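The values are calculated or read from the model by the stated rules, or taken from the named source; none is laboratory data. Since the model is a prediction, treat every value here as computed from it, not as a measurement. Cβ sites come from the backbone with ideal geometry, for glycine too, and all protein chains shown count toward neighbours. The protein model used for the area step is the full one, side chains on, heavy atoms only, and it has no ligands, DNA or RNA in it. Shrake-Rupley method; radii C 1.70, N 1.55, O 1.52, S 1.80 Å.
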Amino acid sequence: MGINILWDPQAPGGIELPVVRMIAMILGKKPALVEYPFLIDGYDRNRDQHDAQKILDRLQDTLTRRYDIDGPLLLVTSRDLYVNGFDFVFGLARPPCGVAIVSTARLGNDYYDRVPDDTDLIDRTAKEGAHELGHLLGLDHCPPDPPECVMFRPKTLDELDRKRKRLCPACREALASLGGR
């Protein structure tokens, strides 16, 4: 059972391989890029955002059942995401179903009127991707201490940037104890 990453054609191109390599380094598991036709729905006109829960519903129904994908599946998209009760989310995981999503919409510097930098976008996408995949592999959020662990739940871009591309010792040990999950 391997980790699978589905890259939305509208997501930033050319950064897929560096992101996949960083996720492999962080989790110690090699993800595979998979290609399947996938319609992203859940657009909310009033918010000008996509409902992450609805996308995960479609992802679960369409890909995991129709294509019988074995292992955790992460969708990387450029759509701005939200869940009820939050203005936005960087990503969301549904561990019982083995599906997760990460949005690059708020991970790029241009969203914050900063100088665009692919290195920052790659770094943030990899950390958020590893975070959501960590949930699919059985990890919970890491407490605020240490805020550098990839499983720490950031609420802002600055908190995300403080995270390092690694698991803390407790999360590494938990992942090792979960084994082949």
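Per residue, the convex hull around the alpha carbon atoms of region 101-147 comes to 83 Å³. By the beta carbon rule, with partners counted only under 4.7 Å, the chain holds these lone Cys residues: 97, 171. Expressed as a whole percent, the accessible area of the chain that falls on carbon and sulfur atoms is 47 (1.4 Å probe).
Net charge within 15 Å of residue 57 by Cβ-Cβ distance, Lys/Arg positive one each and Asp/Glu negative one each, not counting residue 57 itself?
Details: positive: 54, 58, 65, 66, 79, 94; negative: 41, 44, 51, 61.
Counting the neighbours of residue 57, the net charge comes to +2.
Accessible area per residue was computed with a 1.4 Å probe on protein heavy atoms; residue 123 scores about 30 Å². Shape analysis of region 23-69 based on the Cα gyration tensor places the equivalent ellipsoid semi-axes at 25, 16, 9 Å, largest first.
Starting from the Cα gyration tensor of the chain, take the square roots of the eigenvalues, sort them a ≥ b ≥ c, and report rounded, prolate or oblate (rounded when a/c is under 1.5, otherwise prolate if a/b is larger than b/c, else oblate). Mind dumping the intermediate values first?
Working: a/c = 1.41, a/b = 1.06, b/c = 1.33.
Taking the square roots of the gyration eigenvalues as a ≥ b ≥ c, the chain is rounded.
Quick one: longest stretch of the chain between exposed loop chymotrypsin sites (Phe, Trp or Tyr not before Pro), exposed meaning at most 15 other C-beta atoms within 10 Å and loop per DSSP? Write out the running numbers ahead of the final one.
On the way: sites that count: 67, 86, 88.
By the stated rule (loop sites, at most 15 other Cβ atoms within 10 Å), 89-181.
Here the contact order of region 125-164, divided by its residue count and restricted to Cα pairs under 8 Å and six or more residues apart, works out to 36 percent.
For region 30-116, the set of trypsin sites (Lys or Arg not before Pro) satisfying both a DSSP loop assignment and a count of at most 14 other C-beta atoms within 10 Å is given as 45, 47, 114.
Report the gain in length on full extension from residue 25 to residue 176: 0.36 nm times residue separation, minus Cα-Cα distance, nm rounded to one decimal.
Gain in length upon complete extension: 52.9 nm.
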